[in-house]
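I have placed the structure first, in the form of structure tokens, so that the comments after it can refer back to it.
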Amino acid sequence: MTSLDLHKRRGAAVARGVSSVIDSYVDHAGGGTLTDVDGNEWIDFASGIAVTSVGNAAPKVVAAVRAQVERFTHTCFMVTPYEQYVAVCEMLNALTPGDFDKRSMLVNSGAEAVENAVKIARHATGRTAVVVFDHAYHGRTNLTMALTAKNMPYKHRFGPFAGEVYRVPMSYPLRDGGLSGAEAAARALDIVSSQIGATNVAAILVEPIQGEGGFVVPAPGFLPALSAWASEAGAVFIADEIQTGFCRTGDWFASSHEGVVPDLMTLAKGIAGGLPLGAVTGRADIMDAVHPGGLGGTYGGNPLACAAALASVETMRELDLVTAARRIDLTMGGRLRDLAAADPRIAEVRGRGAMLAVEITQPGTLTPDPATTSAVSAECHRRGLLTLTCGTYGNVLRFLPPLVIDDRTLERGLDTLVAAFAAV
Ligand SMILES: *Cc1c(COP(=O)(O)O)cnc(C)c1O
């Protein structure tokens with residue numbers, strides 16, 4: 001079966017609303033490359049959107065899942081519990097920032113983690129308002145569409161959306177006239193105080209580095225100021241670390257770069273080496289406010305996903321993927337800055353660790369250039385490099401290689417990127 005054949009079958013079978021970045025169908029994949037059914041090799045700068053940090057078939061993950069699938073595939077933790085679920089919660093409680101007592105719950109996806117974090121924060125505080133930011137992305141379910149900023153393609157004609165969601169300006173150094181983190185936080189929190197009222201706020205929900213919204217890194221001081229305000233106001237500070245977590249940014253969690261300790265964290269993507277798992281982890285008093293039976297789901301914390309999560313985190317420790325992400329930052333960041341110095345279409349290189357991006361504008365202006373962005377991305381694809389775009393204006397080219405990618409493959413990918421910019 002060729003990709004062309006599969007694409008024909010897909011057109012007649014798969015809903016059009018579910019689209020793909022490329023039309024090549026994967027046969028097998030490792031840690032840094034994917035091979036399609038036509039035998040072409042792709043260098044992977046996407047990791048299935050920041051998921052396969054340990055690779056697509058990490059040996060420990062494969063072994064753990066194989067062993068688990070032979071024992072049992074499912075019982076439902078709410079019916080007949082099992083150790084693997086408990087072990088993942090113990091691991092998350094120990095691994096996440098904050099030396100206070102913690103609890104966790106497991107779900108199937110990032111959106112479900114965010115949904116539950118909001119449920120828990122509302123229940124624990126007895127308040128309803130949730131504060132979110134410009135350019136935020138939190139998922140595609142009804143509540144998380146309301147929390148997400150961008151209309152196309154995420155929200156267009158999918159309303160009505162959930163209520164009691166309030167959007168305030170983000171710290172976006174390239175585009176907010178160089179406001180300091182403290183000034184950007186004051187601008188956002190003034191709106192919260194005057195238009196919502198501090199005592200009505202259940203939660204402030206923020207990505208420490210925004211993902212789909214454009215890899216926006218807030219100015220230093222922004223996140224600590226939000227966290228301090230929430231603590232003062234009796235609101236829950238929720239860090240959405242679904243894209244930034246598990247070594248991706250050169251630390252276990254991106255909140256730690258500024259010493260921010262969230263009350264709750266939402267986790268998914270890189271957590272389980274590609275198996276579907278999400279989690280909410282945080283302060284025991286907040287997590288345990290909810291009555292027994294108030295949280296859960298049929299598949300949440302599936303035993304295969306739990307086995308994969310335990311093996312993934314073990315792999316991250318053994319291979320020291322925190323350091324690997326920092327090394328990718330040095331290599332890739334250096335090459336991207338050289339590229340930007342020579343190419344006036346690149347307005348900024350930003351990100352942290354193995355979560356880096358370039359924002360592309362009309363030279364000498366801040367006017368977004370989504371056409372050049374998609375042309376460069378398409379040229380990368382023609383040359384066998386898998387890249388993704390993002391950003392509210394579609395003008396950010398982002399790079400998320402697996403953390404286990406070897407130096408030669410990384411350099412080859414970067415050579416291809418440079419050549420693609422030259423060709424467009
Ligand atoms: C991907 C993502 C989500 C949604 O996760 P899904 O598993 O796709 O539901 C939520 N928040 C952030 C920051 C994400 O990157």
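The values are calculated or read from the model by the stated rules, or taken from the named source; none is laboratory data. Being a predicted model, the structure only gives us computed values, none of them experimental. Here Cβ is always computed from backbone atoms with ideal geometry, including for glycine, and neighbour counts include all displayed protein chains. For the accessible areas, the whole protein counts, side chains as well, though only heavy atoms, and no ligand, DNA or RNA atoms are used. Shrake-Rupley method; radii C 1.70, N 1.55, O 1.52, S 1.80 Å.
Between D99 and D320, what is the FRET efficiency for a Förster distance of 22 Å, r being their Cβ-Cβ separation, to the nearest 0.05?
Computed FRET efficiency for D99 and D320: 0.45.
Between D27 and residues 5 or more places away or on another chain, which pairs have amide H atoms under 5 Å apart, with H built 1.01 Å from N, and which residues are they?
T35, D36, V37
Could you give the length gained on full extension between V424 and A228, defined as 0.36 nm per residue of separation minus the Cα-Cα distance, in nm?
Between V424 and A228, full extension yields an extra 66.0 nm.
For the chain, what % of the accessible area comes from carbon and sulfur atoms, probe 1.4 Å?
Within the chain, the accessible surface is 54 percent carbon and sulfur.
Taking a probe of 1.4 Å, how large is the accessible area per residue of the chain, in Å²?
Result: 41 Å² of accessible area for each residue.
Pull up the DSSP beta bridges for the stretch 61-318 and report the antiparallel fraction as a percent, rounded to 5.
Looking only at bridges with both residues in the stretch 61-318, the antiparallel portion is about 40 percent.
What accessible surface, in Å², does a 1.4 Å probe find on I196, ignoring ligands, DNA and RNA and rounding to the nearest 10?
Its heavy atoms expose roughly 20 Å² to the probe.
With runs of 4+ DSSP H residues as the only contributors, calculate the mean residue ellipticity of the chain at 222 nm using -39,500 (n - 2.57) per run, divided by the residue total and rounded to the nearest 500.
Value at 222 nm, helices only: -11500 deg cm²/dmol.
Under the rule of at least 5 residues apart or a separate chain, name every residue whose amide H is placed under 5 Å from the amide H of V216.
For V216, the qualifying residues are Q210.
Determine which residues of the stretch 3-40 fall in the zone a paramagnetic label at V62 would reach in this model, i.e. backbone nitrogen under 12 Å from the point 7 Å along Cα→Cβ.
So the set is 28-31.
Apply the Karplus curve 6.51 cos²θ - 1.76 cosθ + 1.60, θ = phi - 60°, to the phi angles in the stretch 102-109 and return the couplings in whole Hz, x for Gly and Pro.
The phi angles translate into 10, 9, 9, 9, 10, 9, 9, 7 Hz.
To one decimal place, what Kirkwood hydrodynamic radius in Å is obtained for the chain from all pairs of distinct Cα atoms?
22.1
For F158 and V69, compute 0.36 nm times the residue count separating them, minus their Cα-Cα distance, and round to one decimal in nm.
Roughly 28.3 nm would be gained on extension.
Mean separation of Cα pairs under 8 Å and 6+ residues apart, divided by the residue count of the chain: what relative contact order is that in percent?
RCO, the chain: 22 percent.
Please return the longest range in the chain lying between exposed loop sites, taking trypsin sites (Lys or Arg not before Pro), DSSP loop only, at most 13 other beta-carbon atoms within 10 Å, and leaving the sites out.
In the chain, the maximal stretch lacking such sites is 158-424.
Report ³J(HN,Hα) in whole Hz for each residue of the stretch 19-36, in order, from the Karplus equation J = 6.51 cos²θ - 1.76 cosθ + 1.60 where θ = phi - 60°; Gly and Pro get x.
Values, residue by residue: 10, 10, 5, 10, 9, 8, 9, 7, 9, 8, 8, x, x, x, 9, 10, 10, 8 Hz.
Any chance you could run the full-extension gain for H123 through A371? It's 0.36 nm times the residue separation minus the Cα-Cα distance, nm to one decimal.
This chain segment gains 84.8 nm when fully extended.
Roughly what would the spin-label model give for V14 and D285, points 7 Å off Cα along C-beta, in nm?
For the pair V14/D285, the computed spacing is 4.8 nm.
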